[in-house]
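Accompanying notes for the structure given below.
Where a number appears in this text, it was derived from the coordinates with a stated rule and is not lab data. These numbers come from a predicted model, not from an experiment. Cβ atoms come from the backbone with ideal geometry, glycine included; neighbour counts cover every protein chain shown.
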Amino acid sequence: MVAILIGIVGKPNVGKSTFFSAITQHIVEIANYPFTTIDPNLGTAYVRKNCPHTIIGKNCNPRNSVCMDGIRMIPVSVMDVAGLVPDAHSGKGLGNKFLDNLRNANALIHVVDISGSTDKEGNIVDFNSHDPYEDVLFIEKEIAYWLSEILSRNWKKIGRRIGSDGSRLETLISQQLSGLGISETQISKALENASFGPIEEWNENDFLSVSMEILRISKPIIIAANKMDIADKDNIKKLSERIKNPVIPVSADYELALVKAAKAGLIRYRPGDTDFTIIDSSKLNDNQKKALEKIRSFMRENNGTGVQRVIETLVFQKMDLISVYPVEDETHWVDKSGNVLPDVYLMQNGSTALDLAFKVHTDLGKNFIRAIDGKKKLILGKDYVLKDGDVIKIVAKV
């Protein structure tokens, strides 16, 4: 089961559905007008890690992932919701419905039209006539306002509990935001950075300040600067200088074209590759050859199309996740059926051997005795901090 859910957000007509189709290889309805997507599209994307099977020289038998030429493709769920417009949190453009679709997202990819060719509501305008920076601000603000409105419901009554029954602030906020996939630990970290007044007297600014910090910590955002293939090169530099989140140049159109060409057997290409190979040029007409060379030129300049780079930067840097391989035999790295490295889990950096035991099965966690490092053959305690690429056997009471 895929445990990570990433939401794709942005205003209408910026290429979100194209990005979603390219990264999940699932073709959805794509059109050049606002609100093509109404109900959220769900799909599976993959992030890449070097597979440890190359260390022992045996082919692996993946069960919850895929291995391609020594690269383990680890699945993550991706959700494409309809475009958000200014005042979405107040219901404009069906905004509340679309925001509610993001409740369980662990992180967000904000697809921005870096060419500046769509206005704030997603209508087509002249190139560079709209500043992409405005889109970055309004999307984050809309989501923060949405959180703020949920948080502020019946707050006076709730705030009084701090003084009366000794309830902790982060606990009360966690209860208010239940169902949004936000932990009490994340809320505690957010409160350290937020600015607010006396709890029982919180106003709109207090709620918004706390919500902005909760959003930043609990649902990290990365910017996919889409339509880079038609944009002014200075646009991405200007945007990167003005915001804190990573900004990655992207051409979802080019990635989708490569995916389709690869499926048709015209080229050899894997998501994330920085180049492709034409299998048989005789099957391509002149226009197709010119189009592929144009794509290749873009890839050389930008180190690929950017689509795969976006999701991997989000998962491994912004979300700070690592890959860990649980096994039942630390010598041969197999399960009880003899499958080599059958499973891989994405774990929060800083997780322990005990955390992994609970991740695999609750009984393993409850009956944990020790762990064994499959690479170094060392005995590990429950507090051992996992490292990326670890191969771990969990020993538990029978």
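Before moving on, here are some points about what is shown:
- Within segment 155-275, the ratio Rg/Rh, alpha carbon atoms throughout and Rh by Kirkwood, equals 1.22.
- Each Cα pair under 8 Å and six or more residues apart adds its sequence gap; the mean of these over the residue count of the chain is a relative contact order of 15 percent.
- Candidates 203, 193, 287: whichever shows maximal mean-square fluctuation once the chain is modelled as a Gaussian network with Cα springs under 10 Å: 287
- Only Lys, Arg (+1) and Asp, Glu (-1) charged, at Cβ; segment 322-396 dipole about Cα centre in debye: 180 debye
- Protection proxy ranking of 297-303, 365-371, 325-331, by the mean of other Cβ atoms within 10 Å over each peptide's residues and highest first, is 325-331, 365-371, 297-303.
- Anisotropy class of segment 256-298 from Cα gyration tensor, a/c 1.5 cut: oblate
- Leading residue at positive end of dipole, the chain (Cβ point charges), from 251, 344, 179: 344
- Among the GluC sites (Glu not before Pro) within segment 212-298, not one is in coil by DSSP while having at most 12 neighbouring Cβ atoms inside 10 Å.
- Sequence of 60, 67 once ranked by neighbouring C-beta atoms within 10 Å, starting from the fewest: 67, 60
- Computed from the alpha carbon positions, the gyration tensor of the chain leads to an equivalent ellipsoid with semi-axes of 35, 35, 15 Å, biggest first.
- Per residue, the chain reaches -10000 deg cm²/dmol at 222 nm when only DSSP H runs of four or more residues are counted, each adding -39500 (n - 2.57).
- Three-way shape label, segment 217-366, alpha-carbon gyration tensor, a/c 1.5: oblate
- Counted by neighbouring Cβ atoms within 10 Å, the residues 320, 383 run from fewest to most as 383, 320.
- Distance between segment 123-193 and segment 309-374 - C-alpha centres, whole angstrom: 32 Å
- The value given for segment 322-396 is a Kirkwood hydrodynamic radius of 11.8 Å, derived from the mean inverse Cα-Cα separation.
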